[in-house]
Amino acid sequence: MRLIQFREANGQRRVGLVETDGDHARVLEGVLTVYEAANMALRGKVSFQTLVARLATGASVDYVKCLEEGRVLAPLDHPEPARFFITGTGITHTGSADARNKMHVATNGSGAPESDSMKMFRMGIAGGKPAAGQIGIQPEWFFKGNAQCVVPPGAPLPLPAFALAGAEEPEIVGLYIVDDNGLPHRIGYALGNEFSDHVTEAQNYLYAAHSKLRACSMGPELLVGDLPPDVRGKTRILRDGAVAWQEDFLSGEANMSHSVANLEHHHFKYEMFRRPGDLHAYFFGAAVLSFAAGFRTRDGDVFELEAPVFGKPLCNRMEREKDLGLITVNQL
């Protein structure tokens, strides 16, 4: 089961259940957002899948046309953007560990001691998938922003003027809501581009936090239900309409050093992330990076991420922002 959020031609918001052909969606009645539907499921004490099936009407919309006209929204949002936390983890896939290690070697030389990234990856392999009921090793974690940094599918990904670079990170994103009692619930999963500045990060791993404070995108579809253990996809960079770089990627628990449950525990163990009514998007880490493969992006490049289990591909064009110069603080 996959959902989309979109606007009708008149601007009215809707939620749609993607049909089996993948090109059309049945409108849900009684709700205008996934956030409303999730709250309705919580308060009605029914599963999200059951509620969606109950609300799906016979009215069908042309999903392809919605994409072409830029009317598809991110698969989840909050009426108060500051209450939608965007966070993530890295070093959860072999590819991500190799990429970080290559940056370490490039900066420090081939004879440098093992990087902290490789140490973190080995810790995950050893203790990231604990037995049921047990707590495993905690993963790397980063804060990316709130909903203000999320751009819809098809919308430009802004590259700040101060950025040294910008590149894609194809990832699975867990999407969550916190109920009235402070308990987190997973709404579903989406494909995500955790856009980052790897040149800044490569200068010093302590700059990783700065490199993550960028825009991101997710969707266009929300996968409701179980995540397959083996997720296979492809990431491409289009330049002037042609494929300039592409690579297959693997994700899902079978290809990760941590279980999803372990990642979730170490995020939601913090009380501040269990505030009733809040939403969370948690990026699970990337397996491949164009930067690590030696490819360098340019202003105007288009990132295209796809994995069949998530439906339509996620596409965004990178566009450099205007230089605002020095930001000064005034005395109050």
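Per the conditions (1) within 17 Å of Leu238 (Cβ to Cβ); (2) assigned to a loop (DSSP other than H, G, I, E, B); (3) in contact with a Lys or Arg (Cβ under 8 Å, 6 or more places away or on another chain), the sole criterion not satisfied by Phe291 is (3).
Which residues, counting only those in the range 77-98, are under 20 Å from Val178 (Cβ atoms) and open to solvent by less than 50 Å² (accessible area, probe 1.4 Å)? Listed by number, the residues that qualify are Asp77, His78, Phe84, Phe85, Ile86, Thr87, Gly88, Thr89. Scanning the range 25-61 for residues that are among the polar types (S, T, N, Q) and either within 30 Å of Asn316 (Cβ to Cβ) or open to solvent by 50 Å² or more (accessible area, probe 1.4 Å) (or both) gives Thr33, Asn39, Ser47, Gln49, Thr50, Ser60. Of all residue pairs spaced 6 or more apart or on separate chains, those with beta-carbon atoms under 9 Å, a first member in the range 318-332 that is without any contact (Cβ under 8 Å) to a residue 12 or more places away in the chain and under 19 Å from Ala165 (Cα atoms) and a second member that is open to solvent by less than 90 Å² (accessible area, probe 1.4 Å) and among the small types (Gly, Ala, Ser) are Gly325/Ala161. Which residue is most open to solvent (accessible area, probe 1.4 Å), if the candidates are limited to the range 185-225 and must be aliphatic (A, V, I, L, M) and closer than 22 Å to Val288 by Cβ? Of everything passing the filter in the range 185-225, Val199 is most open to solvent (accessible area, probe 1.4 Å).
Condition check for Phe291 on (1) open to solvent by 70 Å² or more (accessible area, probe 1.4 Å); (2) among the aromatic types (Phe, Trp, Tyr); (3) modelled with pLDDT under 95: one failure, at (1).
When you check Gly22 against the structure, is it open to solvent by less than 20 Å² (accessible area, probe 1.4 Å), small (Gly, Ala, Ser), in contact (Cβ under 8 Å) with a residue 60 or more places away in the chain and within 30 Å of Met120 (Cβ to Cβ), yes or no? No.
The residue that is farthest from Pro308 (Cα to Cα), counting only those in the range 25-50 that are in contact (Cβ under 8 Å) with a residue 60 or more places away in the chain and of a type in the set (A, V, I, L, M), is Leu42. Filtering the range 62-76 to residues that are surrounded by 19 or more Cβ atoms within 10 Å (Cβ to Cβ) and not basic (Lys, Arg) leaves Tyr63, Cys66, Leu67, Val72, Leu73, Ala74, Pro75, Leu76. Remark: pairs (first residue in the range 66-87, among the polar types (S, T, N, Q); second residue open to solvent by 30 Å² or more (accessible area, probe 1.4 Å); Cβ separation under 8 Å; 6+ apart in sequence or on different chains) = Thr87/Trp141; Thr87/Phe143.
Within the range 121-137, the only residue that satisfies the criterion of being touching a helix residue (DSSP H, G or I) at 6+ places or on another chain (Cβ under 8 Å) and under 24 Å from Ala202 (Cβ atoms) is Phe121. What's the total number of residues in the range 143-164 that are among the aliphatic types (A, V, I, L, M) and either at positive phi or in a strand (DSSP E or B) (or both)? Residues that pass the stated criteria total 4.
The values are calculated or read from the model by the stated rules, or taken from the named source; none is laboratory data. Just so it is clear, the model here is predicted, and its values are computed rather than measured. In this analysis, Cβ positions are derived from the backbone assuming ideal geometry, glycine residues included, and neighbour counts consider all displayed protein chains. Remember, those area values only see protein heavy atoms, side chains included, never the ligands or the DNA or RNA. Shrake-Rupley method; radii C 1.70, N 1.55, O 1.52, S 1.80 Å.
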